[in-house]
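Please read the structure below before turning to the comments.
The values are calculated or read from the model by the stated rules, or taken from the named source; none is laboratory data. Just so it is clear, the model here is predicted, and its values are computed rather than measured. Because the Cβ atoms are built from the backbone with ideal geometry, glycine has one as well, and the counts that use them run over all protein chains shown. Surface areas here come from the heavy atoms of the whole protein model, side chains and all, with no ligands, DNA or RNA. Shrake-Rupley method; radii C 1.70, N 1.55, O 1.52, S 1.80 Å.
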Amino acid sequence: MAYTNTLLANKEITLSDVDNKKMVVLKARNCLRNILDSLYQAIRSSRVLNIQSQVSQLVRKPFLLKASMSGFRICGICGSLLLVLLIFMFTLFYLDVVHLVSAPGYSSGILLNAAAIRSLARLNEGFVYVDEHPRVLSSSQSFSHKDTRVEQNNPTAQDTEDLHSVNKGLSPTEIAGKWIQDQSYPLYDSEACLFIDPGFRCQENGRPDQDYLRWRWQPSRCDLPRFKASEILERLRGKRVVFVGDSIGRNQWESMLCMLASGVQNKSRVYEANGQAISKHTGFLSFVFRDFNLSVEYYRSPFLVPHSRPPAGANPNVTSTLLLDFMDWSSKHWLPSHLLIFNTGHWWSYEKLMRSGCYFRVGDHANMSMTVGDGFNKAMQTWRNWVAKTVDLTSTQIFLRGYAPAHFSNGTWKTGGECHEETQPWPEGTRFEEVYWTNEHMASAVESLQELEAGGAAVKLLNITGLSSYRKDAHSSIYNVGREEPRPMHRQDCSHWCLPGLPDVWNELLFASLSSSLFPFST
């Protein structure tokens, strides 16, 4: 069943892009205008709008109301007003300005989706990231490793085992390896890929340098298999791949679309299932690779748990809550799937939550004393329990991606922080002081799932934080707008990444870690 039909059947609408719905809104507005005009003419013809004479008579003789307006006219007017109200409410639901909220243990009702309204106006989804570069303890002077190899050998069983063991004994924020210049990169041309948000198209938006495109990650104990689109497409044939997370997860999802599409000759055979255009604010997108019976989907869920209204009787300072004991409302659409990639963490901060009046809710009460760390830990426990109880780990592989660091210098994301002059990664051997506490909770949840009988090979933490910390050069910065638009020098994007770019490496690591039993190599 088409996703749209499923949503209508469940009376649930996800956040949609207003740009894609301008025509719908115009039609709704014209329809409302026609109804109001007809209603006005009908009332006028029945002399109901003769306000001066009617009001003066009604003030003197209230009983004349019965004589001036029949019961049928009253019913007709009320019915017309009700129709107008229904059309208006349908428009609000369609734009996700309001939606129905219903969950076990919670009262049902209509919720004003303030977050949806805010997201329509912001350029960068209002993320609150780490405000500066990862703090550097020490570094060497320059890179000395260059590699111009175009091809690498196919992975062997030993390579795969080594790749999986590289991270043993390391903290969740680390991965062993180094960045090496490789002139065979990038893996695709952004101009040839139709699935990239304009804000990620750095080269097309006028970025003058290209060195940031030509780095690959070299693990310490093995060679990362060279990406081959045709091989990965065969391994994913007949599968459903689902990304769930924020716009950094969307960054990675669009990277995967481009990487896979590079192996498809007829690009018209790759399309969005519901005819929607790529847009930063669209809450659900599903791209179909027709020749491979493959779908690669994205669901917007920055917290993984629902963002909802405050409970009855809550403190007036509580304007919204995160329901920590439930998974996001869209979770019923994530399954069945064969590959699930989650990310979260970037929205979990005091400034993004408490400062805007959003607190944590467990059961029927809003907890205003719970810290962000405790709230995130509870959400990770809810995610862990959902996976254990709901996902068949014998047929589905799960990745939880680690935190992707931002690189703001000389300020924060809202005080003029910048990264547009960065053209090289941090040197090899740089040690970073920054600790990303969200990774600790994610690692704990993943380790708990790996203890299950089927969880060892099926659930993995994708450790990209350490290797990404080096890449201060890879952000879209001031090249997140078109060539003809003013450069946002005081509102730079040092959080998202250029495409092609760093998220391609994340996907290379992911593909190299696919289960050979769930995604066998073609013979």
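Observations
- The single condition among (1) more than 10 Å from the chain's Cα centre (by Cα); (2) surrounded by fewer than 24 Cβ atoms within 10 Å (Cβ to Cβ); (3) of a type in the set (Ser, Thr, Tyr) that residue 282 does not meet is (1).
- Residues of the range 335-364 classified as assigned to a strand (DSSP E or B) and either farther than 19 Å from residue 495 by Cα or among the small types (Gly, Ala, Ser) (or both), total: 8
- Scanning the range 244-269 for residues that are touching a residue at least 40 places away in the same chain (Cβ under 8 Å) and over 19 Å from residue 476 (Cβ atoms) yields 244, 261, 262, 267.
- Leading residue by the ranking (surrounded by the fewest Cβ atoms within 10 Å (Cβ to Cβ)) among those in the range 285-312 that are aliphatic (A, V, I, L, M) and under 29 Å from residue 387 (Cβ atoms): 288
- All of (1) touching a residue at least 60 places away in the same chain (Cβ under 8 Å); (2) out of contact with any strand residue (DSSP E or B) (no Cβ under 8 Å at 6 or more places or on another chain) hold for residue 305 with one exception: (2).
- Members of the range 413-429 found to be of a type in the set (A, V, I, L, M, F, W, C) and either over 18 Å from residue 207 (Cβ atoms) or surrounded by fewer than 20 Cβ atoms within 10 Å (Cβ to Cβ) (or both), listed by number: 413, 426
To keep it simple, each residue is scored yes or no on (1) among the charged types (D, E, K, R); (2) under 27 Å from residue 459 (Cβ atoms).
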| residue | (1), (2) |
| --- | --- |
| 283 | no, yes |
| 296 | no, yes |
| 304 | no, yes |
| 310 | no, no |
| 313 | no, no |
| 324 | no, yes |
| 328 | yes, yes |
| 334 | no, yes |
| 352 | yes, no |
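- Each residue in the range 458-485 was checked for being among the acidic types (Asp, Glu) and either over 14 Å from residue 203 (Cα atoms) or open to solvent by 40 Å² or more (accessible area, probe 1.4 Å) (or both), and 2 of them qualify.
- Against the list (1) farther than 24 Å from residue 473 by Cβ; (2) crowded, with 16+ Cβ neighbours inside 10 Å, the condition residue 351 fails is (2).
- Within the range 334-344, considering residues that are hydrophobic (A, V, I, L, M, F, W, C) and closer than 12 Å to residue 241 by Cβ, the one surrounded by the most Cβ atoms within 10 Å (Cβ to Cβ): 341
- Qualifying residue in the range 486-503 (condition: open to solvent by 10 Å² or more (accessible area, probe 1.4 Å), more than 21 Å from the chain's Cα centre (by Cα) and aliphatic (A, V, I, L, M)): yes
- Residue that is farther than 27 Å from residue 519 by Cβ, open to solvent by 10 Å² or more (accessible area, probe 1.4 Å) and at pLDDT 95 or above, where the choices are 262, 320, 331: 320
- For the range 266-279, the candidate set comprises residues that are among the hydrophobic types (A, V, I, L, M, F, W, C) and open to solvent by 20 Å² or more (accessible area, probe 1.4 Å); within that set, the residue that is nearest to residue 197 (Cα to Cα) is 278.
- Matching option when the condition is of a type in the set (A, V, I, L, M) and touching a strand residue (DSSP E or B) at 6+ places or on another chain (Cβ under 9 Å), among 236, 213: 236
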